[in-house]
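Asker: Would you mind keeping the following structure in view while I ask a few things?
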């Protein structure tokens with residue numbers, strides 16, 4: 001595998017930002033690793049961080065590089081700060097950046113496939129929300145999306161989280177009007193559309209403070225007709241749980257070499 005810390009300028013954000021990238025590499029003599037590539041243009045997982053983290057966090061808190069080594073999968077981990085993957089009311093246009101500019105820039109730098117069946121998105125907490133928002137808003141872009149302990153009710157501030165200042169900066173004074181940020185509304189629109197629909201994977205620990213919101217979204221998805229997988233079990237909002245579940249996500253992804 002190749003690990004790249006990529007610093008670049010975003011015209012959308014009008015500032016320098018970063019992404020951490022893992023690229024497949026075919027090797028024969030690396031001890032303890034089975035590295036594979038299966039195509040000239042790599043299938044890609046966009047892996048999104050949570051509220052308090054950055055583009056380095058998945059690499060620092062999990063063994064994601066080791067987990068993807070044999071899959072031929074590239075992993076792109078962008079930086080979006082505390083934006084909830086939105087074009088902020090009082091801040092930067094992180095939704096436009098992540099959904100439009102980032103894939104184009106990443107593909108200009110690295111040999112990444114642009115084919116829908118080769119593109120996937122996943123994330124944890126705020127990033128789980130972002131992954132489903134991206135895939136449900138742009139189902140023509142992704143074959144599958146996964147949310148780990150996601151903030152599924154993104155317009156609602158949990159009582160035990162001091163996020164009111166963040167939410168006003170992100171959504172403005174009347175967040176209920178931002179239906180394009182509402183996963184429930186996006187899921188309904190995607191289900192009713194005649195176009196392609198991504199596979200969805202959702203998991204949450206039963207001790208997680210976001211568990212009830214995840215159950216609400218699970219019940220809504222059951223009625224949608226979407227290709228939907230839900231898993232729950234013991235676990236809280238912490239990296240031991242996410243390190244284990246990202247391995248399940250990788251096994252679930254519809255990679256061509258896994259077919």
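Asker: Condition first: within 27 Å of residue 180 (Cβ to Cβ), touching a residue at least 40 places away in the same chain (Cβ under 8 Å) and more than 12 Å from the chain's Cα centre (by Cα). Can you find one or more residues in segment 18-37 that meet it?
Answerer: yes
Asker: Taking residue 69 and the conditions (1) buried (at least 18 other Cβ atoms within 10 Å of the Cβ); (2) under 18 Å from the mean Cα position of the chain (by Cα); (3) within 22 Å of residue 144 (Cβ to Cβ), which numbered condition does it fall short on, given that it satisfies the others?
Answerer: (2)
Asker: Follow-up. Considering 95, 58, which residue is outside any strand (DSSP E or B), at pLDDT 95 or above and more than 19 Å from residue 135 (Cα to Cα)?
Answerer: Of 95, 58, the one residue that is outside any strand (DSSP E or B), at pLDDT 95 or above and more than 19 Å from residue 135 (Cα to Cα) is 58.
Asker: Still on this model: Give me a count of the residues in segment 184-211 that are within 19 Å of residue 245 (Cα to Cα), out of contact with any strand residue (DSSP E or B) (no Cβ under 9 Å at 6 or more places or on another chain) and part of a helix (DSSP H, G or I).
Answerer: 0
Asker: Checking the structure you have, find out if any residue of segment 240-247 is under 30 Å from residue 195 (Cβ atoms), in a loop (DSSP other than H, G, I, E, B) and touching a residue at least 24 places away in the same chain (Cβ under 8 Å).
Answerer: There is no residue in segment 240-247 that is under 30 Å from residue 195 (Cβ atoms), in a loop (DSSP other than H, G, I, E, B) and touching a residue at least 24 places away in the same chain (Cβ under 8 Å).
Asker: Could you go through segment 115-131 and let me know if any residue there is modelled with pLDDT under 95 and farther than 22 Å from residue 49 by Cβ.
Answerer: No, segment 115-131 contains no residue that is modelled with pLDDT under 95 and farther than 22 Å from residue 49 by Cβ.
Asker: Further, regarding this structure: Yes or no: residue 106 touching a residue at least 12 places away in the same chain (Cβ under 8 Å) and under 15 Å from the mean Cα position of the chain (by Cα)?
Answerer: No, not satisfied.
Asker: Hey, any hits in segment 77-85 for a residue that's surrounded by fewer than 21 Cβ atoms within 10 Å (Cβ to Cβ), part of a helix (DSSP H, G or I), in contact with a helix residue (DSSP H, G or I) (Cβ under 8 Å, 6 or more places away or on another chain) and at pLDDT 95 or above?
Answerer: No: zero hits.
Asker: Hey, another quick one. When segment 190-214 is examined, which residues are found to be surrounded by fewer than 15 Cβ atoms within 10 Å (Cβ to Cβ) and closer than 26 Å to residue 254 by Cα?
Answerer: 192, 193, 194, 195, 196
Asker: Which of the residues that make up segment 7-38 are closer than 18 Å to residue 65 by Cβ and in contact with a strand residue (DSSP E or B) (Cβ under 8 Å, 6 or more places away or on another chain)?
Answerer: 18, 19, 20, 21, 22, 23, 24, 25
Asker: Also: Of everything in segment 54-66 that's in contact with a strand residue (DSSP E or B) (Cβ under 9 Å, 6 or more places away or on another chain) and farther than 16 Å from residue 1 by Cβ, which residue is surrounded by the fewest Cβ atoms within 10 Å (Cβ to Cβ)?
Answerer: Checked segment 54-66; the qualifying residue surrounded by the fewest Cβ atoms within 10 Å (Cβ to Cβ) is 54.
Asker: Further, regarding this structure: For segment 1-53, which positions are surrounded by fewer than 13 Cβ atoms within 10 Å (Cβ to Cβ), modelled with pLDDT of 95 or more and part of a loop (DSSP other than H, G, I, E, B)?
Answerer: 11, 14, listed by residue number.
The values are calculated or read from the model by the stated rules, or taken from the named source; none is laboratory data. What you see is a predicted model; the values in this text were computed from it and never measured. Note that each Cβ is placed from the backbone with ideal geometry, even for glycine, and that neighbours are counted across all protein chains shown.
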